[in-house]
Amino acid sequence: MGLFKRFRKPAAEISGLGRSLIAARLDEADSAPADSTVVVFNPAGHARRAEAGRVVRNEGDTVYCFHPGPYQVDLTPFAAAPEIGLRLRFLIDAANPRVAQQRFDLFLFSEAEAELSLSGFCAAVQGALQGELARGALDLPPCTSLDEWNEFRAGLNQLLYTRFGVTVDDCVPVDLGDTIDFADILRARAAASPAIALPVAASPVVAPPVPQVAVPPAAVTPMSAAAESFTAVAEPSAAAISHASLYAATGQAVADVAADAKALRRLFLELPVLSGALRLLVLPDGVEIFKSHQAVLRRLSLLALEVNTMPSLAWAAPDQPLESAQQSRRCAHSAAAISALDEGWALLSRLQLESPAPWAGHEDDTDRICANLEYHLSQRRAARAQVDTEDSQERKEPKL
Amino acid sequence: MTISMLTAQPLPASAEWRCVLADGRVLTITASRRPRANRADVKCTVPGAPAIGEKMQEVVRLARHTEPRFDSRDQVLLSMDIVPSPADRSWELAAVLADRKVRGLLPNTAPRLYAHGWSDCWHLGRVAGQPVLAISRASSHLSAADVFIVGDDASAADATHASHPGITLIQHLGALSGHADPSSAVSSARAWFPLHSGGINDSLSWVEVSVYPIDHGGTDEEDTITASGLDLAALKAVRETLCAARHFDGKGLGRWRTVVRFGQPRFQGESYQLALVMADRLARGRDFVPRGRLIASGCSGAWHAGRVETVEGREPKLELILKQAASGDRILLPQEWQAALPDSYRAALKARGASLACIAQIGMI
């Protein structure tokens, strides 16, 4: 089909490859730049890497090309401390012959769309890093000692390799004070919330009171992925109204069909790989550990089954369209399932750090992540949030 | 790993948090946990007032949005023993804190816990209240070891909460571990330091540094720093310490207007200085943020070089820190103490989820 050849992507778009662009999807007649690597995915999702140049493709193939780097980005490990950062230099390594599928290839296939920009990738890495630090899985305390820094580096390297498939070349703490001015950030916050009166310059300083009005939604960044309160949409109560309005205000209630589809695609592609990697871990001896390992693998395969049979977003049942409030509830739960999946990758990276894997120390976290995935996927499946029927019937607590 | 440390400590089966209502009655909010079993995440029961129960459920769910770790395995049941009047919202903070304590997020061991506060934006973690009124109302109920957490509206003079050691004023839920409010235009961070006053009265005291951007630089740095409740000599020492430490920082001078507050404004010695300097660095967004509190003891004759020197009272201070340390806390001590620390001390802190560093210099490594 050479009919539309002259509308193809201009060469300028992939000329940023290796600088502002990590990878790009190639269309029919595009040729990859000389210093890049080509990954061809067949319709079944199997990847093969090829030399750069004119791509030989079969029917239904998806072709990406990526530049191995190295790339350099500045990350902010703590949102509360924007003036101190980490300067990270990473590259995409040559294919590891010992694994069936390269992690970076899976990342491209599952998360990159038309292109993978350096800034978008940097934001994803920063989100993963901040989440791990907030949950205490990585530690980067003030006045870090050399031992603590080395431990952090080992965890970070493994996290980026397991979650994104990139290899960390170098990582140093860096003062971002030249490019980021925390004072400007605070001024912008003050301007965004009019209730804060600027203190008069000459008078001795009094900390202005925290305003009682809500900050405009643009400034709102709730850290948690807790999607619990979305269930309130179904409950015809006064509380439900304020929840619904909150999420409408923060833009989360808009049923985002594309995001839901992407989330389910990620789960479909990544859950089997994650569970395969967990299966390959070298575990310490012991029947109890073996049993709990098997139980986790069983739960993950049930979860994969649940993803494979997930009903479509817009329909409650055949011929019964679903109202938009319930669709947005479903979207919220698929997004929350994705964040649980990301936690799962991070957990795998912690387990891969040592051999034999410290399974017993992470049993609770494994259980929590599986339970969260199960919960969010069952909520994504349900057409309507279940109203808690406990009060109306049954289930009396034993009383003395 | 720290996660396993977090879960190694047994979770409490139930937690109680009290609130002295506007009409003088004492309300007790009891939280308990049970397996989820396909039920709602939070269940609230208020006998005879379902509307208040619904409000409590909404408050708790919104406040959970400020937590980084989501767990769907447990259901938390919250109940009130008496019914507050519908207009009284001062119990909201008690409900939020009880919900956190029963899930092991707040390591508080005081015999009785009181709270007073409400919020219009719980999803941001902000807390408001009327501290003067609340403290005068609750003072007859508080015994010496009790803890009272009060939402702050910045109207209270510093002397009001110094009347009882267990009183803490917060404007933000993160302030319980010293973190700055991520949505406020004033960045304020707290750090803790051990106050040694002869055995039984030893306590951890805090220092809070609040910074706000200054519009025109060029004024004398010391004039932009104020501290309430301190005598002149202490104020001068605070100003000199901060100026010198900001000089060491390189980008700290001439940018900020600063307010320093102390939990206990009356003390002697200089061991608060390291905590003050670290709180200042945290408030200005110039240092890595610990997950829990930052506990520090140390002074210096050369803050402009970032040096940390030793202080007195090592044994009682170490003992106090070990007793008070909780999960996620970061403890900074002078380098000279390193040799005297037994290995078991570091291990005991690690078992509590806290980390320790003996430093000769502030900043990275």
Exercise for the section: Find how many whole Å separate the alpha carbon centroid of segment A:333-361 from the alpha carbon centroid of segment A:115-189. Expected result: 18
Problem - J(HN,Hα) series, segment A:114-123, from Karplus relation 6.51 cos²θ - 1.76 cosθ + 1.60, nearest Hz, glycine and proline x - result: 5, 8, 10, 7, 5, 5, x, 5, 4, 5
Practice task
Would you mind giving the mean number of other chain beta-carbons within 10 Å of the Cβ of each residue in A:80-87, as a whole number?
Solution key: 6
Fill in the blank from the handout: The distance between the Cα centres of segment B:299-365 and segment B:202-277, in whole Å, is 21
Problem - Packing-based order for A:314-324, B:255-265, using average beta carbon neighbours within 10 Å, highest first - result: B:255-265, A:314-324
Practice task
Over 29 Å, how big is the tail of the calculated P(r) for chain B, in percent of all Cα pairs?
Solution key: 43
Fill in the blank from the handout: Long-range amide H partners of B:Thr168, meaning residues 5 or more apart or on another chain whose placed amide H is closer than 5 Å, are B:Phe148, B:Ile149, B:Val150
Exercise for the section: Pop out the ³J(HN,Hα) list for segment A:328-337 in order, Karplus 6.51 cos²θ - 1.76 cosθ + 1.60 with θ = phi - 60°, rounded to Hz; leave Gly and Pro as x. Expected result: 5, 4, 4, 4, 4, 6, 5, 5, 5, 5
Practice task
Set Lys and Arg Cβ to +1 and Asp and Glu Cβ to -1, take the dipole of segment A:78-174 about its Cα centre, and tell me which of A:Phe152, A:Ala79, A:Ala112 lies farthest positive.
Solution key: A:Ala112
Handout entry: Radius of gyration and maximum dimension Dmax of segment A:71-175, Cα, Å
Key = 14.1, 42
Practice task
Return the long-range amide H neighbours of B:Ile359 (sequence gap of 5 or more, or a different chain), with a cut-off of under 5 Å between placed amide H atoms.
Solution key: B:Leu333, B:Gln335
Problem - Alpha-carbon Rg with Dmax, taken over segment A:249-381, Å - result: 16.6, 53
Fill in the blank from the handout: For B:Glu221, B:Glu336, ascending order of other Cβ atoms within 10 Å (fewest first) is B:Glu336, B:Glu221
Exercise for the section: Rounded to the nearest 10 degrees, what's the angle between the helix B:50-63 long axis and the longest principal axis of chain B, both from Cα atoms, 0 to 90? Expected result: 30
Handout entry: Computed helical MRE - 222 nm, chain B, DSSP H runs ≥ 4 contributing -39500 (n - 2.57), nearest 500
Key = -7500 deg cm²/dmol
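As a footprinting exposure proxy, order A:Glu51, A:Glu374 by other Cβ within 10 Å, with the fewest listed first. Intermediate results must be reported in sequence, preceding the final value.
Values: A:Glu51 11, A:Glu374 18.
In increasing order of surrounding Cβ atoms, one gets A:Glu51, A:Glu374.
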Problem - Neighbouring partner chain Cβ atoms per residue of B:204-211, average, 10 Å criterion - result: 1
Exercise for the section: Can you tell me the 0 to 90 degree angle between the C-alpha axis of helix B:92-102 and the longest principal axis of chain B, rounded to 10? Expected result: 80
Fill in the blank from the handout: Scalar couplings 3J(HN,Hα) for segment B:140-145 by Karplus 6.51 cos²θ - 1.76 cosθ + 1.60 (θ = phi - 60°), nearest whole Hz, x for Gly and Pro, are 6, 8, 7, 9, 4, 8
Fill in the blank from the handout: For the pair B:Ser140 and B:Glu222, the simple spin-label estimate (label points 7 Å beyond Cα toward Cβ) gives in nm 4.9
Practice task
Based on other C-beta atoms within 10 Å, arrange B:Glu312, B:Glu208 from fewest to most.
Solution key: B:Glu312, B:Glu208
Handout entry: Interchain or long-range residues, amide H under 5 Å from B:Ser205's placed H
Key = B:Phe193, B:Leu195
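Tell me the Kirkwood hydrodynamic radius of segment B:12-177 in angstroms, computed as one over the mean inverse distance between distinct C-alpha pairs.
Working: mean 1/r = 0.0631 Å⁻¹.
Averaging 1/r across every pair of different Cα atoms and inverting gives 15.8 Å.
Taking each residue in A:129-137, count the Cβ atoms of any other chain within 10 Å of its Cβ, then average. What number comes out?
Values: counts 0, 1, 2, 1, 4, 5, 8, 12, 4.
Taking all residues of A:129-137 together, the mean is 4.
All of the numbers you see were taken from the coordinates with simple rules; none came from a lab. Being a predicted model, the structure only gives us computed values, none of them experimental. Please note: Cβ atoms are built from the backbone with ideal geometry, for glycine as well, and neighbour counts cover all protein chains shown.
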